[in-house]
1. Applying the selection to the range 28-40, what residues are closer than 18 Å to residue 80 by Cβ and either open to solvent by 30 Å² or more (accessible area, probe 1.4 Å) or over 11 Å from the mean Cα position of the chain (by Cα) (or both)?
2. May I ask you to list the residues in the range 7-27 that are charged (D, E, K, R), surrounded by 11 or more Cβ atoms within 10 Å (Cβ to Cβ), farther than 9 Å from residue 77 by Cβ and out of contact with any Phe, Trp or Tyr (no Cβ under 7 Å at 6 or more places or on another chain)?
3. Could you say which residue among 4, 41 is modelled with pLDDT of 95 or more and out of contact with any helix residue (DSSP H, G or I) (no Cβ under 9 Å at 6 or more places or on another chain)?
4. Would you check which residues across the range 41-51 are within 12 Å of residue 28 (Cβ to Cβ), surrounded by 14 or more Cβ atoms within 10 Å (Cβ to Cβ), touching a strand residue (DSSP E or B) at 6+ places or on another chain (Cβ under 7 Å) and of a type outside the set (Lys, Arg) and list them?
5. Quick check on this structure: which one of 22, 26 is assigned to a strand (DSSP E or B) and charged (D, E, K, R)?
6. Hey, any hits in the range 55-75 for a residue that's at negative phi and in contact (Cβ under 8 Å) with a residue 60 or more places away in the chain?
7. Can you tell me which residue in the range 58-69 is farthest from residue 8 (Cα to Cα), limited to those that are in a strand (DSSP E or B) and open to solvent by less than 60 Å² (accessible area, probe 1.4 Å)?
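The values are calculated or read from the model by the stated rules, or taken from the named source; none is laboratory data. Keep in mind that what you see is a predicted model, and the values were worked out from it rather than measured. Glycine gets a Cβ as well: all are built from the backbone with ideal geometry, and neighbour counts include every protein chain shown. To get the accessible areas, we keep the full protein, side chains included, count just its heavy atoms, and leave off ligands, DNA and RNA. Shrake-Rupley method; radii C 1.70, N 1.55, O 1.52, S 1.80 Å.
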Amino acid sequence: EKGDQPRGEVAIGSTVTVRGPRGKERKFKLVGSAEAAPANDRLSNESPIGRAVLGGKKGDKVEVLTPKGAVKYEIVSISRA
């Protein structure tokens, strides 16, 4: 339920914008694994970036482990549709 998640925190169903290396921004919707469609900017809460931002707040910096090493992102905005 939307009401179960504290306001301003990333939860399943949130649309999140993150800023990564070199200031590049990426916007995606955080969804459950059954709804994931990375090509359509719908990332699973079980994906590396999904796990990193889940529960985060605007301005938080998170680190995502990738095969090429750690990548740092900043949560720029969070909205609920």
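1. Within the range 28-40, 29, 32, 35 qualify.
2. 9, 25, 26
3. 41
4. Once the filter is applied, which keeps residues that are within 12 Å of residue 28 (Cβ to Cβ), surrounded by 14 or more Cβ atoms within 10 Å (Cβ to Cβ), touching a strand residue (DSSP E or B) at 6+ places or on another chain (Cβ under 7 Å) and of a type outside the set (Lys, Arg), the range 41-51 yields 43, 44, 45, 49, 50.
5. 26
6. yes
7. 69
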